[in-house]
Amino acid sequence: MSKFESKIKQVPYPQKNVFDMLSDLSNIERVRDRIPEDKIKNLTFDRDSVSISSPMGLVTLRVVERDEPKCVKFETEKSPVPMNLWIQMLPTSDNESKLKVTISADLPFFMAAMAKKPLEEAVEKIAEALAIIPYDKTNI
């Protein structure tokens, strides 16, 4: 298994707000207009899963664990490469938190070198995107 971790990102919202939004994927609808269509194609989602078209084909992630209020874990359901993704959230104060994204992928030896850089970039971009989402309670 290859493991890729983002840098820790500061989020100007309480940990519970972040968890509440990220643990229910239907909340993606709130920020759909901020997602560039050229970056994410054929985005579909419900409360427990999200699917997108990628250069490797259709990828579907399903929530497999919600550890309130600190972590949401996902596993690929449809993907050319078996993968897990988890988002960890920790409070830094009553009104702020931090998060980190981790991807663990079961990469075949011959793919590991080719996939390393794209996965490192992907985990960082996911964390950056999650850090700028508005997590106000009125929108959750």
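The values are calculated or read from the model by the stated rules, or taken from the named source; none is laboratory data. Everything numeric in this text was worked out from a predicted model, so none of it was measured. We place every Cβ from the backbone using ideal geometry, glycine too, and count neighbours over all the protein chains shown. Please note that ligands, DNA and RNA were not included when accessible areas were found on the heavy atoms of the full protein model with its side chains. Shrake-Rupley method; radii C 1.70, N 1.55, O 1.52, S 1.80 Å.
A search for C-beta distances below 6 Å between a residue of segment 1-18 that is over 30 Å from Phe109 (Cβ atoms) and assigned to a loop (DSSP other than H, G, I, E, B) and any residue that is open to solvent by less than 90 Å² (accessible area, probe 1.4 Å) and acidic (Asp, Glu), counting only pairs 6+ apart in sequence or on different chains, returns Pro12/Glu96. Cβ-Cβ below 6 Å, separation at least six or inter-chain, first residue in segment 117-136 and within 15 Å of Met89 (Cβ to Cβ) and at pLDDT 90 or above, second open to solvent by less than 50 Å² (accessible area, probe 1.4 Å) and assigned to a helix (DSSP H, G or I): which pairs? Short answer, once both residue conditions are applied: Tyr135/Asn17; Tyr135/Val18; Tyr135/Met21. Within segment 99-125, the residues that satisfy the criterion of being out of contact with any Pro (no Cβ under 8 Å at 6 or more places or on another chain), open to solvent by 60 Å² or more (accessible area, probe 1.4 Å) and of a type in the set (D, E, K, R) are Lys116, Lys117, Glu120, Glu121, Lys125.
If you check Glu75, Glu65 for being buried (at least 17 other Cβ atoms within 10 Å of the Cβ) and without any contact (Cβ under 8 Å) to a residue 24 or more places away in the chain, only one passes: Glu75.
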